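Accompanying notes for the structure given below.
The values are calculated or read from the model by the stated rules, or taken from the named source; none is laboratory data. Fair warning: this is a prediction, and the values are worked out from it, not measured in the lab. Positions of Cβ are generated from backbone atoms using ideal geometry, with glycine treated the same way; all protein chains shown enter the neighbour counts. Accessible surface areas use protein heavy atoms only, side chains included; no ligands, DNA or RNA. Shrake-Rupley method; radii C 1.70, N 1.55, O 1.52, S 1.80 Å.
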Amino acid sequence: MSVDAVGKDRSTNSESDEHGWDVDPEDESGAAVVAAVGRQLKAWREASGMRAAEFGALIGYGEDLVYKVEGGRRIPRPEYLDRSDDVMGANGKIAVMKQDLAVVRYPKKVRDLASVEAKAVELSAYVAHGLHGLLQTPGHARALFEARQPPYSQDEVERMVAARMARQSIFERLPAPALSFVQEESALMRPIGGRMEWRRQLERLLEVGHMRNVTLQVMPTHREAHPGMDGDINLLKFEDGTAMGRSHGAFNGRRVTDARQLRILELRHGIIRSEAFTPRETLALIERVLGET
């Protein structure tokens with residue numbers, strides 16, 4: 001890309017300074033990666049003979065952001081590296097750093113969750129309120145994060161949405177893991193993000209529900225009571241035979257790996273599945289709701 005082409009896509013400096021994410025000082029491994037990338041970017045810039053302000057102007061970002069990135073205090077977004085590569089004629093040597101930042105750009109707690117999900121051969125979940133994060137559309141997730149109080153900054157919202165969407169790569173894994181979701185019927189009825197986003201969300205549920213490795217069920221509202229009334233249940237099983245579970249309503253909400261505790265969660269989840277609509281009934285319900293929106 002030419003300098004002129006980059007300039008045409010340029011934002012104002014005040015806007016550009018927001019294009020990245022702050023480094024969590026408690027995330028030591030992530031901070032180390034960001035610092036290493038920053039040092040390499042600084043070395044490339046200095047070798048090219050450009051000052052930070054000049055370089056920032058060429059790639060369409062503010063001088064302050066350039067210093068923050070090079071100092072390891074700000075995680076650059078992918079387009080920052082792409083533009084840097086173009087301006088300095090690095091022939092992909094800078095752009096390739098996106099691979100190093102692809103994981104650490106997300107909050108550590110989300111990375112840890114995604115790492116565990118990526119290793120699972122079976123994932124079973126019951127969600128008491130709302131939709132499971134793996135089932136949400138970007139617009140649905142964004143509306144939820146924007147509704148949080150105290151509010152996230154818009155930058156934080158976009159970071160959390162990106163992290164949630166990255167977890168959904170689990171649907172593309174080969175061999176495909178067995179995925180089972182049970183949602184409350186009320187989750188289908190709330191127009192999160194407005195009517196059009198609600199429709200997109202219902203369409204996404206139909207798409208996922210038709211995947212051969214996915215079992216999607218809805219717990220009808222008319223059920224008087226069931227074992228999931230006191231909170232979500234999540235169960236993960238791994239190739240080596242180990243498992244992990246968590247429930248807001250059991251064992252103080254902490255993760256458990258003990259066989260006896262896992263059996264309790266499996267018992268509860270099994271009963272929930274038996275009392276929910278079948279996958280076929282669930283898809284028919286979603287289609288009906290979609291037709292009425």
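Some observations on this one:
- For the range 228-274, the set of residues classified as within 20 Å of residue 178 (Cβ to Cβ), in contact with an Asp or Glu (Cβ under 9 Å, 6 or more places away or on another chain) and open to solvent by 70 Å² or more (accessible area, probe 1.4 Å) consists of 237, 246, listed by residue number.
- Screening 163, 176, 225, 187 for residues that are crowded, with 18+ Cβ neighbours inside 10 Å, within 23 Å of residue 278 (Cα to Cα), of a type in the set (Gly, Ala, Ser) and out of contact with any Ser or Thr (no Cβ under 9 Å at 6 or more places or on another chain) leaves exactly one candidate, 187.
- Annotation note: of 47, 32, the sole residue that is within 23 Å of the chain's Cα centre (by Cα), outside any loop (DSSP other than H, G, I, E, B), surrounded by fewer than 16 Cβ atoms within 10 Å (Cβ to Cβ) and at pLDDT 70 or above is 32.
- All positions within the range 64-75 that are modelled with pLDDT under 90 and closer than 16 Å to residue 98 by Cβ: 74, 75
- Residue check for residue 170: open to solvent by less than 30 Å² (accessible area, probe 1.4 Å), β-branched (Val, Ile, Thr), out of contact with any Leu (no Cβ under 6 Å at 6 or more places or on another chain) and over 16 Å from residue 275 (Cβ atoms): yes
- Filtering the range 121-164 to residues that are touching a residue at least 60 places away in the same chain (Cβ under 8 Å), among the aliphatic types (A, V, I, L, M) and within 24 Å of residue 184 (Cα to Cα) leaves 123, 125, 127, 128, 131, 135.
- All of (1) among the polar types (S, T, N, Q); (2) open to solvent by less than 50 Å² (accessible area, probe 1.4 Å); (3) out of contact with any helix residue (DSSP H, G or I) (no Cβ under 7 Å at 6 or more places or on another chain) hold for residue 84 with one exception: (3).
- Any hit, the range 122-140, residues being within 16 Å of residue 40 (Cβ to Cβ), at pLDDT below 95 and of a type in the set (A, V, I, L, M, F, W, C): no
- Scanning the range 282-293 for residues that are open to solvent by 60 Å² or more (accessible area, probe 1.4 Å) and free of Cβ contacts under 8 Å to residues at least 40 places away in the same chain gives 288, 291, 292.
- Residue 38 in contact (Cβ under 8 Å) with a residue 12 or more places away in the chain, part of a helix (DSSP H, G or I) and of a type in the set (Gly, Ala, Ser): yes
- Filter result for the condition that a residue is touching a Lys or Arg at 6+ places or on another chain (Cβ under 6 Å) and surrounded by fewer than 18 Cβ atoms within 10 Å (Cβ to Cβ), over 78, 107: 78
- Taken together, 193, 209 contain a single residue that is in contact with a Ser or Thr (Cβ under 7 Å, 6 or more places away or on another chain), of a type in the set (Gly, Ala, Ser) and modelled with pLDDT of 95 or more, which is 209.
- Here residue 143 clears all of (1) open to solvent by less than 40 Å² (accessible area, probe 1.4 Å); (2) closer than 30 Å to residue 239 by Cβ; (3) in contact with a Gly (Cβ under 7 Å, 6 or more places away or on another chain) except the condition numbered (2).
- The sole residue among 211, 196 that is free of Cβ contacts under 8 Å to residues at least 40 places away in the same chain and not charged (D, E, K, R) is 196.
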